[in-house]
Amino acid sequence: MLTLSQRERDRLAVLHQVKRGLITASRGAELVGVGARHFRRLRRAWGREGDGAVVHGLRGRPSNRALPAELRAWALERARDPLYHDFGPTLLAEHLGRDPVAPGTVQAPTLRLWLIADGRWKPSPKRARHRRARPRRAALGELTQWDSSDHPWFEDRGPRCTLIQMHDDATNRLLMARFVPRDDGAVNRAIAIDYLKRWGRPVAFYTDKAGHFGQWTRSVSPIPLEEREIKRTESIIRRALDELNVALILAHSPQAKGRIERDFGTSQDRLVKELRVAGISSLEEGNRFLEEVYIPYWNERFAVEPAEPQDAHRPLPAKANLDALFAETWTRTVREDFTIRNDNRRLQIPKSQARGVRPGHKLTLERRLDGSLHYRFNNRYVELEPVQDLPKARPLNRHPPKAKAPPAPQPPKPRSPPPKPGPDHPWHRNGKLFAKPALIARLRSTPAASRPALPTPSASGD
């Protein structure tokens, strides 16, 4: 039985109208949407073969551009491998394309259809959401997005760690990436130093409100929250970037820095699987993989061309000391004997180093990322000599209080019987008590029960 589509039925109706002379052949060609020559060939074929002439000749036959069946069987067999159990169609197609024993090349859309038909991939419906687009910056180095992600990057093969990434906003290039054991101020200062040495000074960094970047806070006060003054907490990173004339922008929400958040979503899918395929399970191997493989792969696959070709990164100042700028600092006061006290030690300023230093002046102490301690007076570093190790301050209560034994339980004191009302008590009537028994029991427990009744005045006024 011949089954026709709606389009083929419409063509057949036009052919019948032309045959009956209701419309001309040129008008029929316009209604069908083909040229005049093709419509003449269609009419001749319809005269020879009947209504089956409007059916396409390739119906029921495989496409001439169909991929070989052995390629489909091989691709589905690789998709069933536990190594690729959670690979998406795009990433799996890239890996299959790099396989040297592949019988052919398959594109991601075709592989996606194969996986859906095989039940190995379930398409997720995408809901349209209203978003306000923020245009990218014009040039490389105008804005660098800086964020971290705590994730099981090595799955169950290695320790859980944090990945810190720096993406350029204009080009989506991955400029810096590093695995660290934990996300704290020291590792972020170290990666900032490496970034500045490699790329120079960007115009601005864009990151979240982690404590090592600084926050906007409101003081505790009885004043309503919306009326309190907002103060910015300083941090080592912000102080160093201010010295280098680099802006630090803090995002108010994860959605505000959505580009790097989406990039982390891609890395949490692709990078985890790439590390699994490469058999990497340690931080050292992972960082080497990032530098040699993943960063070049990302920039080739996902980077875009900027609106302006120039690089907005600026060179570092000639006298900039990044180790000193990103060091932890605090101050100590010079005493009358030209000593300072730090960490339970007295340190002497030698006479050769005391130029310009007077008692009461402040010395700045710098603890750098390598653990070394440096002493600075204004812009000059001085060498100090240890004089004495001081004993650590002891707590005021040197001897802890002795534990007191719990007091022995005391036997309950016997309760004295309640006083009985006297014969002249107003409760008595004709020599008998007339109050309620429950009320009597409650009132007998009070001292008022033993008080004599007040005399009542007589009717005659005596």
Within straight-line cross-link reach of LYS19, aspartates and glutamates at Cα separation under 19 Å, skipping those fewer than 8 residues along the same chain = GLU8, ASP10, GLU30, GLU49, ASP51
Under a 1.4 Å probe, what is the accessible area of segment 1-106 per residue, stated in Å²?
-> 67 Å²
Surface accessible to a 1.4 Å probe, THR266 within the full protein complex, Å² = 40 Å²
Pseudo-spin-label distance ALA307 to ALA13, built 7 Å along Cα→Cβ, given in nm, is 5.2 nm
Would you mind counting up the charge near HIS252? Only other residues with Cβ under 13 Å from its Cβ, with Lys and Arg at +1 and Asp and Glu at -1.
-> +1
When the chain is fully extended, how far beyond the present Cα-Cα distance does ALA354 get from SER253, taking 0.36 nm per residue of separation?
-> 31.3 nm
Quote the accessible area belonging to ILE23 in square angstrom, nearest 10, computed with a 1.4 Å probe and with ligands, DNA and RNA left uncounted.
-> 40 Å²
Share of carbon and sulfur in the accessible heavy-atom surface of segment 52-137 [1.4 Å probe, %] | 52 percent
What is the diffusion coefficient of segment 7-164 in µm²/s, taking the Kirkwood radius over Cα pairs and the Stokes-Einstein relation at 20 °C with a viscosity of 1.002 mPa s?
-> 97 µm²/s
Unsatisfied cross-links (Cα-Cα over 25 Å) in the set LYS197/LYS273; LYS197/LYS319; LYS209/LYS319 | LYS197/LYS273; LYS209/LYS319
Size of electric dipole in segment 277-384: Cβ of Lys, Arg +1 and of Asp, Glu -1, about Cα centre, debye, nearest 20 | 1280 debye
Just how large is the dipole of segment 103-200 about the Cα centre, in debye to the nearest 20, putting +1 at every Lys and Arg Cβ and -1 at every Asp and Glu Cβ?
-> 520 debye
For segment 250-355, what is the accessible area per residue in Å², given a 1.4 Å probe and the full set of protein chains?
-> 57 Å²
Give the carbon-plus-sulfur fraction of the accessible surface of segment 236-334 in %, rounded to a whole number; probe 1.4 Å, heavy atoms of protein chains only.
-> 50 percent
Put a dot 7 Å past each Cα toward the Cβ at ARG43 and GLU243; how far apart are the dots in nm?
-> 9.0 nm
Aspartates and glutamates with Cα under 17 Å of LYS351, excluding same-chain neighbours fewer than 8 positions away = GLU336, ASP337, GLU383, GLU385
Trypsin sites (Lys or Arg not before Pro), restricted to segment 260-343: which are DSSP loop and have at most 12 other Cβ atoms within 10 Å?
-> LYS319
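The values are calculated or read from the model by the stated rules, or taken from the named source; none is laboratory data. All values derive from a computational prediction rather than experimental measurement. Cβ coordinates were reconstructed from backbone atoms using ideal geometry, including for glycine residues, and neighbour counts include every protein chain displayed. Side chains are part of the model used for accessible areas, which takes the heavy atoms of the whole protein and leaves out ligands, DNA and RNA. Shrake-Rupley method; radii C 1.70, N 1.55, O 1.52, S 1.80 Å.
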